[in-house]
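What follows is a short report on a single structure.
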């Protein structure tokens, strides 16, 4: 493989891998990726259209769902073009600047999605534990401010990453382990000391995914305590049923999101296939499955989607 020159050069080229060992069937694999891309774009676009056009769905839960759909659309647009370029056109080269831009959007949008899942957990907590104050706590201005804080937090934390990477000299093999650029993957190619990047990357993971997942767990502990105190069995099931879709979205996002950085940093002996698999699951499955899960589990949304497409 060609190596990047031992100089700081913005014109240096990195190579994305696709799925090593399966190059002969990349074209066939691209069919499944194309389907995932189309379903992700169409599904999240339908969610946004239904919520925007139906005043009955202008409630906190559906506004947060709109934020989640916008984030998932951004993740799909940020990752799928390079993936399809590899599998359809064997276009594996990406410049350093393009790689830095892609990793900025991927990590920023992932951070925003984590924040939105936390806000959705807070919505479920207030709706179940303090239902009489739900409307007064989650007003439209407060929701807008929450969304703005999520975006600002993500940008503030991720913005330094491309500049930290830009200071390095890239003189090692220039092959990335995924079909897209991730910070933990790119920094391993540097021949400089990457201790600062290791510490900063781990700090971001703790401040975003670690902190958010901890608060989500605490909110559901309170939710389950409240539900268990409800005398009526039917009311308990009804309250829990409103959380099922969100719990599915949380598991789809956090399991691979927590596993991938751990494997990159500490799993040197782990299978390369596992890293590749988790990378695809982490970025492609949530945008694909979230609109499906919410369309099935949210009764009001489900009914309105059927009403639009099957009048």
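The values are calculated or read from the model by the stated rules, or taken from the named source; none is laboratory data. All figures in this text were calculated on a predicted structure; none of them were measured in a lab. FYI the Cβ positions are ideal-geometry reconstructions off the backbone, even for glycines, and counts take in every protein chain you see.
When residue 83 is tested against the conditions (1) touching a helix residue (DSSP H, G or I) at 6+ places or on another chain (Cβ under 9 Å); (2) over 13 Å from residue 286 (Cβ atoms); (3) surrounded by fewer than 23 Cβ atoms within 10 Å (Cβ to Cβ), the lone failure is (3).
Scanning the stretch 180-206 for residues that are touching a residue at least 24 places away in the same chain (Cβ under 8 Å), more than 26 Å from residue 80 (Cβ to Cβ) and not in a helix (DSSP H, G or I) returns 190, 191, 192, 194. When residue 163 is tested against the conditions (1) more than 20 Å from residue 82 (Cβ to Cβ); (2) touching a helix residue (DSSP H, G or I) at 6+ places or on another chain (Cβ under 6 Å), the lone failure is (2). Would you confirm whether or not the stretch 83-99 contains a residue that is under 20 Å from residue 165 (Cβ atoms), at pLDDT 90 or above and assigned to a helix (DSSP H, G or I)? The answer is yes; a qualifying residue exists. In contact with a strand residue (DSSP E or B) (Cβ under 8 Å, 6 or more places away or on another chain) and either under 27 Å from residue 57 (Cα atoms) or in a helix (DSSP H, G or I) (or both): does that describe residue 209? Considered against the rule, which asks whether it is in contact with a strand residue (DSSP E or B) (Cβ under 8 Å, 6 or more places away or on another chain) and either under 27 Å from residue 57 (Cα atoms) or in a helix (DSSP H, G or I) (or both), residue 209 comes out as no. Within the stretch 11-48, the set of residues being on the phi > 0 side of the Ramachandran plot and either in a helix (DSSP H, G or I) or surrounded by 13 or more Cβ atoms within 10 Å (Cβ to Cβ) (or both) comprises just one member, 18.
Counting only residues that are free of Cβ contacts under 8 Å to residues at least 12 places away in the same chain, part of a helix (DSSP H, G or I) and either within 18 Å of residue 122 (Cα to Cα) or touching a helix residue (DSSP H, G or I) at 6+ places or on another chain (Cβ under 6 Å) (or both), how many does the stretch 225-237 have?
The qualifying residues number 2.
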